[in-house]
Each structure stands twice: as structure tokens, then as C-alpha cells.
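Shown next, in C-alpha cells, is the structure this report addresses.
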Amino acid sequence: MKFFLFHWPISNKEYVEAVLDLEKRGHEITYWADSMKKINEVKDKFPKTIFHDHSEAWFGRPAAELESIWAPPPADLIQKMYKVESVILTMMNKRFDWMCVDERKHLYYQMLGYWGPVLKKYKPDLIIFTAVPHTVYDYLVYELAQLWNIRTMMFDSTLIGDRHLFMNNFKEGNLQLYKTILKNNDKNFSILDLDPDLREYFKLHTEEGMDATPLYVKEERKKHLWYRRVRFKLKLVLQNIRHWSFFAKVFIYLLKLVKKNIQREYRGVQVVPNLNQKFIYVPLNYQPECTTSPQGGVFVDLILMLEILSASLPEGWVIYTKDHPSQWAPRGVNFSSVRYEGYYKRIAKIPKVCVIPIETDTYLLIDRSQMVVSVTGTAVWEALFRGRPGLIFGYPWYQNCPLILRAQDVESCRNAIDLVLRGFKPNKQRVINFLKSLEEATVHGYFDFGYGKNISKINDRESADNFKNIILNEINTVN
């Protein structure tokens, strides 16, 4: 079989050896896109492979060997890909926030004029992604593969330790998990039946006094501790003094303090929540990120989700929403495509929707809510362990859990709320059953050699081999 690899770690010896083993078994790595910092250490081992640097691909530049393959995309292909184009133009918020719509469209056409001919010329049997594709060019390849019936596979982190789910289509989820859920539907597993890591995860989220804050959130908070921010600012000051731009930067900084910004707008519309009122808790997703583009579908527009919820609310209920705790940290408080001027004001004007302080404890809100709603957020998953109903609009890794409600419009949203009014609640037995099914359908491993590797109890060799074995199983399924 001919493989295309996207983001498979070319800089890691053990992961490269896993790919070499695939070739020894008679398979061909036709195309490999990743950061090519260590390409010289690898290239001679794969003489038939086309290598493409991730940064070059991100900006629509071709692989060196294929500079002449580009051709203007035909109108009929563009028309078939209209839905994809819409997603990609929004996905470009992450890297191309400064581009106007027309410039983004032209970059998209450049990419379409490259990847279409590449797939037609090399005809891969299987395209492998190490995550749900979301960096524009890999998502375009994924959607072209869907259009032309080319098999794809990808891995998605569950954020339960180092466990990953494998899937062919991120909107369908893991089919093995779905089958395992059906198999375990009438069983009554106990917590002792779970693997140790899942047992600890269950206790963490169900026992009182435990800090269930996800590790990735803790790591993000550490990055933005006040003394680290001060150290970073001092470093910038010294650099700017050396380059004689210090005073100009100080002026710009002071200007930012007095001008409008997202933080000031948020504080201007927030209200203190009344936790004795019946409410739905809606934590907003961090954006731009894979969790809403593409995993949110049309609900990458979080305001659309809030409007549907507002139109579905029973009498006497309200919606309490707050932004993601990391939303302001990496990008500062300037307005952007994902948090434009008037964004929070628009949310606050939606009937029955209240913007509440971002510091409000998320677990307190979960526990006091009637239900938790998000596009793909972790809070919905966490709500299950606390006995609160959860509803999603998008396609998170836990979407196949039978305890999760789903909505796409006002009617389906009202139906979900009606179930809650009639007493629907997740119970611990069914949560344990789902964890047992998850145990059988997930694989231990990591592609992130920072956070992911640090939390894993296996080494690089074991991780690479685990992912390789999933690929080999997929090959056998195809054959």
C-alpha cells in the first residue's frame, strides 16, 4: 500500500524506525509532511519519499520536487468543495488572521491547485494523520480524500492520560468504540474492572476534595504565571533598548492600556451569576483551535450555538456563559477574528444569556447547573462524572458516549432539554461501563514530546510501536 503521512514525527528515531518497519513489510511511504529540521538524518533512508516541510505547506508552497505540478483548480472542483472552503476560510484565523477574505480565498485556491494534482498523481491507498487535521493544508487533503474515496485514518487524544482513539472520520468517531459500547450495554462493571489509569481518573472526577483540573490547563496556567510574564517582558525590554525601539514600544503599550480591548469589553458586560436560579452552563471553547475548526462544524460560530440555546430555553431558565480561561493569555487582549470588537456585547444581548466572570469556578457551575452545553468542550465530559446532563453541538472525541445529548438546531435542542426536564441524568454505572468500553478501544501513546510524553508511562519505542500496530490493523481491515 502507498501511504501519505502528515505530522508523523520525523525528528524522533523510534517513530522513524516504525515507518521503516512499515516499508520492510512491503508498504511505500510516498509522501511525508512534517517539520523537516532533521531531514538530512532521514532522507537517505526513504529514497522514494517526497518530503514536505510543514511551514512551507502551511503557506501554500509546494514540496521542492513538485514545484511544477501546480495547476489552477477547475471550477467544478471548487464548486464541489464549497463547504470545505467555508471551513478553511475560518480555519485560517489561526495563522492568517491578518489576511482579508479574498486573500485567504486565493491562498486556498493555491493549495487546492497543488494538493488536487498531488493526490491524482500518486493515488495513495491510505492517508495517515497524527491528529484530527486542522492546519488548513492537511484538512484540505482530508476533505479531498473524502471526495475521492481515499481511505484516511487519524488519532485523537482523549486527554485521559496518554490514551488516543483511532478513527477514519472525525465526525463518526471510533467505530470500534461504538461496537464495544453495544457489547457492554447490559453489563455492570465495577471500578475495579478498569485499568489503573482509568480507575484513578474516575476517582479524580467523582470523589470530593480532588482537584480535577485537566493537566493541560494547569500547564497552560504555568506558562502565564505573573513572574514568567514579567521575565518575558523584561527580556523584550532589553532587546528593544538594544535596537533603539524601546520608547516606541512603551508608547504602543500605554496606548493599549487606554484603548478598547477584549478584556475590557468582557468586564463591561459580565454579571455575577445567581446560582439559585435554574441555568444552563455554557463554557466557550478556546479559539482558534481544532476543537471548533473543524470539530465544531458550523458551530465554530459559538454565538450561533448560544442563539439556538436561547430560543430553546424553558420559562424561568437562563444561560450562564464564560470564555475559556486561556483565551486571553497567548494572544493578548487585542481584538482578532475570533474575538472581534463587539463579540462579547453581542453575546450579552442574546435573550436569557448572561456573561459571567471568567474566574467563576467551572466545577461549581457544573454542579449547580441543570445541564452543561458546549460545542466540544471538556466540561460536558466532566459533567457526566458529577451526575449532570451534557449536550454537544460538535464532534469531540467522546461523541459516541451514549450518555451525551446532541443538538444541531432549535428542535433537537428543545428535545434534549425536554429529556432533562423529565429526569434524564447520567449515572455512575453507565459512566463506568463507558470507561470500560473506552479502555478496549484506545491505545497508549503520544505525538507530543512535551506534555504528552511527560504524562505517559511508556517510552518512545513503545508509543511508536503502539501507533504502528494500529496502522497495521487498519491495513488488514482494508485488505
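Protection proxy ranking of 384-395, 81-92, by the mean of other Cβ atoms within 10 Å over each peptide's residues and highest first, is 384-395, 81-92.
Computed about the Cα centre, the dipole magnitude for the chain is approximately 1460 debye when only Lys and Arg (+1) and Asp and Glu (-1) carry charge, each at its Cβ.
Placing +1 on each Lys and Arg Cβ and -1 on each Asp and Glu Cβ, with no other charges, gives the range 78-180 a dipole about its Cα centre of roughly 280 debye. Dipole magnitude for the range 344-479: computed about the Cα centre from +1 point charges on Lys and Arg Cβ and -1 point charges on Asp and Glu Cβ, it is near 620 debye. Once the mean of 1/r is taken over each pair of separate Cα atoms and inverted, the chain shows a Kirkwood hydrodynamic radius of 24.4 Å.
For the chain, the carbon plus sulfur part of the accessible surface works out to 53%, probe radius 1.4 Å. Of the residues A57, I29, M111, the one whose Cα sits farthest towards the positive end of the charge dipole of the range 25-164 is I29 (charges of +1 on Lys and Arg Cβ, -1 on Asp and Glu Cβ, taken about the Cα centre). Just for the chain, what percent of DSSP beta bridges are antiparallel, to the closest 5? Roughly 20 percent of the beta bridges in the chain run antiparallel, per DSSP.
Protection proxy ranking for 340-348, 135-143, using the average of other Cβ atoms within 10 Å per residue and placing the highest first: 135-143, 340-348.
Cross-link pairs exceeding 22 Å between alpha carbons, from the set K203/K436; K187/K453; K259/K345; K2/K37; K2/K45; K2/K43: K187/K453; K2/K37. Sorted largest first by accessible area at a 1.4 angstrom probe radius, with every protein chain in place, the residues K37, K13 fall in the order K37, K13. Surface exposure of the chain, expressed per residue as accessible area with a 1.4 Å probe, stands at 48 Å². May I ask which residue of S374, H324, F449 lies farthest towards the positive end of the charge dipole of the chain, with charges of +1 (Lys, Arg) and -1 (Asp, Glu) on Cβ and the Cα centre as origin? After comparing all options, I get H324. Distance between the C-alpha centres of the range 1-34 and the range 133-209: 23 Å, rounded to the whole angstrom.
Among 291-302, 44-55, 202-213, 270-281, sorting by the average number of other beta carbon atoms lying within 10 angstrom of each residue, highest first, gives 291-302, 270-281, 44-55, 202-213.
Accessible surface comparison of C290, C354, C100, probe 1.4 Å, protein chains only, largest first: the order is C100, C354, C290.
The values are calculated or read from the model by the stated rules, or taken from the named source; none is laboratory data. Source: prediction; values computed, not measured. Virtual Cβ from ideal backbone geometry, glycine too; neighbours counted across all protein chains shown. Protein only, heavy atoms only, side chains kept; ligands, DNA and RNA dropped before computing areas. Shrake-Rupley method; radii C 1.70, N 1.55, O 1.52, S 1.80 Å.
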